[in-house]
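Colleague: Before we start, here is the structure in question, set down as structure tokens.
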Amino acid sequence: MRRGSVVQLVAIGAVCGAGAALVALLIPWMPHAASEQAGRIDLVFWFVTAICIAIFALVAAVILYAIVKFRAQPGEDADGPPIHGNTGLEIAWTAVPAVLVTAISIVSAVVLAKNEHIPHASAASSDRLTPLVVKVTAQQFAWSFEYPGFGKLTSATLKLPINVTTKLRITSLDVTHSFWVPEFGQKEDAVPGLETTLVITPDRQGTFPVICTELCGLGHAVMRSSAQVMTSQRFLSWAKGQQKQLGSSSGGASGKAVFTNNGCASCHTFTPAGSKGTVGPDLDKLAQEAQRAGKPLQEFIRESIVDPNAYVEPGFQKGIMPATFSSLPKAQLAALVAFLAGGKK
Ligand code: CUA
């Protein structure tokens, strides 16, 4: 091979490789990572992308060079001479991909092992945050989050302290859903009768969407919540404040807090809580609805929470409202009923 040809091949390869690299770098293909795990997944992504760009540049250079250099001249109609193998070339194109695939496997395996690792609580960090456990429950069509380390504290949004490894224990009450926060870089199915786990160490503060990424019924597209990453200090004061409001550490739960924490606002309109949901009946009109159902107001509200299918308001479907609120602690249920009946705190 002449030196001129090698220079030409390298030049074409450099131009093609640079073009592909610009497409990879200038377009924001991936969400801005907000967890250590997502950062490692991005590392694997870029490692594989760099290998792909190098192979693309090589193949593009050889193809373009061959098209220009070896095209048939006018009047030339004979095939080229037959070629019988090239041992050196064949060894190279077997060995190089084998090395690359092995390297990708090793990098991926290391990242997978690191991403699933949960550090044990050390004596130095004897707070309630290492590791933090959050129970994630999916149901048509809502997410709910429970913090077993904080007196069964519940929340309609996922609150997480920054730089703390959190273990999500995920399950579903009805069909298969899938938990996904794009900025955390991982997805995990929520399966009825099974507990799956996901480890997240958030490393960037902010509010990120929680998305259901498994087609689970009519409301799949609206099955959203949010994940809020904050400092450990703010997280602890939030947890403490909520525990107080929900009456799990002292008496007297706040009905409004129970309403917000159980995600009622995402489906129902209720002016005292400032909510405007339209998936379920308008709770500003509870008095008329109780009349239609032929029941006293308080009794009607309690029944509608613990046994939602007992009476379904005309224009709404059975089975949409989850029956899981029947497991609310007594004090919280009473506070919620009073809040809804009175329209005040
Ligand atoms: Cu739940 Cu889609």
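Colleague: Which members of the range 291-308 meet the condition of being closer than 19 Å to Ser326 by Cα, free of Cβ contacts under 8 Å to residues at least 40 places away in the same chain and of a type in the set (A, V, I, L, M)?
Modeller: Answer for the range 291-308, where residues must be closer than 19 Å to Ser326 by Cα, free of Cβ contacts under 8 Å to residues at least 40 places away in the same chain and of a type in the set (A, V, I, L, M): Ile305, Val306.
Colleague: Give just the number: which of (1) closer than 22 Å to Leu333 by Cα; (2) under 22 Å from the mean Cα position of the chain (by Cα) does Gln291 not satisfy?
Modeller: Checking Gln291 against (1) closer than 22 Å to Leu333 by Cα; (2) under 22 Å from the mean Cα position of the chain (by Cα), the one that fails is (2).
Colleague: Go through the range 310-327 and give me each residue that's small (Gly, Ala, Ser) and either surrounded by 14 or more Cβ atoms within 10 Å (Cβ to Cβ) or part of a loop (DSSP other than H, G, I, E, B) (or both). Even if it seems obvious, please write down each step before you answer.
Modeller: Here is the first cut: in the range 310-327, the ones small (Gly, Ala, Ser) are 310, 315, 319, 323, 326-327.
Passing the criteria: Ala310, Gly315, Gly319, Ala323.
Colleague: Consider the range 1-45. How many of its residues are farther than 28 Å from Ala227 by Cβ, touching a residue at least 40 places away in the same chain (Cβ under 8 Å) and outside any helix (DSSP H, G or I)?
Modeller: Qualifying residue count, the range 1-45: 0.
Colleague: Same structure again: Looking at the range 156-179 only, could you name the residues that are of a type in the set (A, V, I, L, M) and part of a strand (DSSP E or B)? Steps first, answer last, please.
Modeller: Just the residues of the range 156-179 that are of a type in the set (A, V, I, L, M), to begin with: 156, 158, 160, 162, 164, 168, 170, 173, 175.
Those that are of a type in the set (A, V, I, L, M) and part of a strand (DSSP E or B): Leu158, Leu160, Leu168, Ile170.
Colleague: Would it be correct to say that Ala253 is touching a residue at least 24 places away in the same chain (Cβ under 8 Å) and not in a strand (DSSP E or B)? Steps first, please.
Modeller: Values: touching a residue at least 24 places away in the same chain (Cβ under 8 Å): yes; not in a strand (DSSP E or B): yes.
So Ala253 fits the description; yes.
Colleague: Another question about this same structure. Yes or no: the range 46-66 includes at least one residue that is in a helix (DSSP H, G or I), hydrophobic (A, V, I, L, M, F, W, C) and under 27 Å from Val210 (Cα atoms).
Modeller: Step one: of the range 46-66, the residues in a helix (DSSP H, G or I) are 46-66.
Remaining after also requiring hydrophobic (A, V, I, L, M, F, W, C): 46-48, 50-64, 66.
With the extra rule that they be under 27 Å from Val210 (Cα atoms), the set shrinks to 46.
For the range 46-66, residues in a helix (DSSP H, G or I), hydrophobic (A, V, I, L, M, F, W, C) and under 27 Å from Val210 (Cα atoms): present.
Colleague: Please verify whether Val181 is more than 13 Å from the ligand (Cβ to nearest atom) and modelled with pLDDT of 95 or more, treating the condition exactly as stated. Quick ask: steps written out before the conclusion?
Modeller: Working: more than 13 Å from the ligand (Cβ to nearest atom): yes; modelled with pLDDT of 95 or more: yes.
Answer is yes for this residue.
Colleague: Okay, moving on. Is it fair to say Phe259 is on the phi < 0 side of the Ramachandran plot and surrounded by fewer than 20 Cβ atoms within 10 Å (Cβ to Cβ)?
Modeller: On the way: on the phi < 0 side of the Ramachandran plot: yes; surrounded by fewer than 20 Cβ atoms within 10 Å (Cβ to Cβ): no.
When the stated conditions are applied, Phe259 does not pass them.
Colleague: Next question, about the same structure. Please give the strands (runs of 3 or more DSSP E) falling wholly within the range 68-155 in which 2 or more residues are touching a Leu at 6+ places or on another chain (Cβ under 7 Å) and either assigned by TED's automatic domain parsing to the domain that holds Ser172 or hydrophobic (A, V, I, L, M, F, W, C) (or both).
Modeller: Fully inside the range 68-155 and qualifying: 132-139, 142-147.
The values are calculated or read from the model by the stated rules, or taken from the named source; none is laboratory data. Keep in mind the model is a prediction, meaning the values are calculated, not measured. Methodologically, a virtual Cβ is constructed for each residue, glycine included, from the backbone with ideal geometry; neighbour enumeration extends over all protein chains shown.
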